[in-house]
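The values are calculated or read from the model by the stated rules, or taken from the named source; none is laboratory data. Note that the structure is a prediction, hence the values are computed from the model and not measured. Cβ placement follows ideal geometry from the backbone for every residue including glycine, while neighbour counts extend to all protein chains displayed.
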Amino acid sequence: MRPGNALLLLAISSALLPLASPRTVPHGGFPPSPTAPRKPPVDPRVIPFCNQTDHPKICIKSARFYSHAYQAINATNMFDITIHALRDRVASIKARAHALSQSQTWNEVVLNGIHDCLGLYADALDDVNEGVQAFVTRDRGTFETRLSAVITMFGTCDDAFMEGVNPLAKQNDRLMNMASNCIAIGQLSFQ
């Protein structure tokens, strides 16, 4: 190559170099990472109710997905919101436990615990429904008993893993806290 051509090639490539820099290529030349779906904003109307529970942060986080459906937030509507969140979470964790039960990576002790939890989650949903029915009929004793039984079931699920790894511990803890919040919010309605 002749020296004049080499200088011309160097000048052209130097001029094009900024166009190929990572600053000018979106995401540094890599495809953008997927974004999580946007969560609805926290409804400030739920905060006074959630602050009267033992787990206000969990209450606020779970209420954000359901409070938008209500024009007014009172203790009864807030109970409906927290129960809806609890039911959906139990159903989601139950589906996750079912998927875990199909996995080949767990030993027999853990698989037995997962199977026990699947039954307990179904029973918990039944008790949640009975608790809601008692709430509607204003039977405070049955309401509190049924939802307290739900908390016990999640604890019993944890007990099923005493001899092994508990892949559902974090989820059960959240479910217990959510059920506790449902009781606290429901009790506000009985006052």
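Take the conditions farther than 26 Å from Thr145 by Cβ and modelled with pLDDT of 95 or more and apply them to Ala122. Does it pass? For Ala122, the condition - farther than 26 Å from Thr145 by Cβ and modelled with pLDDT of 95 or more - is not met. Cβ separations smaller than 8 Å between residues 6+ apart or across chains give no pair from the range 64-93 residues that are on the phi > 0 side of the Ramachandran plot to residues that are in a helix (DSSP H, G or I) and at pLDDT below 95. Checked against (1) of a type outside the set (S, T, N, Q); (2) outside any helix (DSSP H, G or I); (3) free of Cβ contacts under 8 Å to residues at least 60 places away in the same chain, Trp106 passes all but a single condition, namely (3).
In the range 146-164, the qualifying residues are those that are free of Cβ contacts under 8 Å to residues at least 12 places away in the same chain and part of a helix (DSSP H, G or I), and the one that is surrounded by the most Cβ atoms within 10 Å (Cβ to Cβ) is Thr152. Do we have Asp173 as farther than 18 Å from Ile58 by Cβ and out of contact with any Lys or Arg (no Cβ under 7 Å at 6 or more places or on another chain) here? It is false that Asp173 is farther than 18 Å from Ile58 by Cβ and out of contact with any Lys or Arg (no Cβ under 7 Å at 6 or more places or on another chain).
Does Asn129 satisfy being at pLDDT below 95 and in a helix (DSSP H, G or I)? No, not satisfied. Could you check the range 134-189 and list, in sequence order, the residues that are closer than 28 Å to Gln102 by Cα and basic (Lys, Arg)? Those that are closer than 28 Å to Gln102 by Cα and basic (Lys, Arg): Lys170, Arg174.
Taken as a whole, the condition of being more than 18 Å from Ile83 (Cβ to Cβ) and of a type in the set (S, T, N, Q) applies to Asn112.
Could you please let me know if Leu125 is surrounded by fewer than 20 Cβ atoms within 10 Å (Cβ to Cβ), over 21 Å from Pro56 (Cα atoms) and touching a residue at least 12 places away in the same chain (Cβ under 8 Å)? Judged against the criteria, Leu125 is a match. Evaluate the range 34-42: report whether one residue or more is touching a residue at least 24 places away in the same chain (Cβ under 8 Å), surrounded by 13 or more Cβ atoms within 10 Å (Cβ to Cβ) and of a type outside the set (Val, Ile, Thr). Scanning the range 34-42, I find no residue that is touching a residue at least 24 places away in the same chain (Cβ under 8 Å), surrounded by 13 or more Cβ atoms within 10 Å (Cβ to Cβ) and of a type outside the set (Val, Ile, Thr), so the answer is no.
For the range 167-189, the tally of residues that are modelled with pLDDT under 95 and in contact with an Asp or Glu (Cβ under 9 Å, 6 or more places away or on another chain) stands at 0. Looking across the range 81-105, the residues that are surrounded by fewer than 17 Cβ atoms within 10 Å (Cβ to Cβ) and over 16 Å from the mean Cα position of the chain (by Cα) come down to His98, Ala99, Ser101, Gln102, Ser103, Gln104, Thr105.
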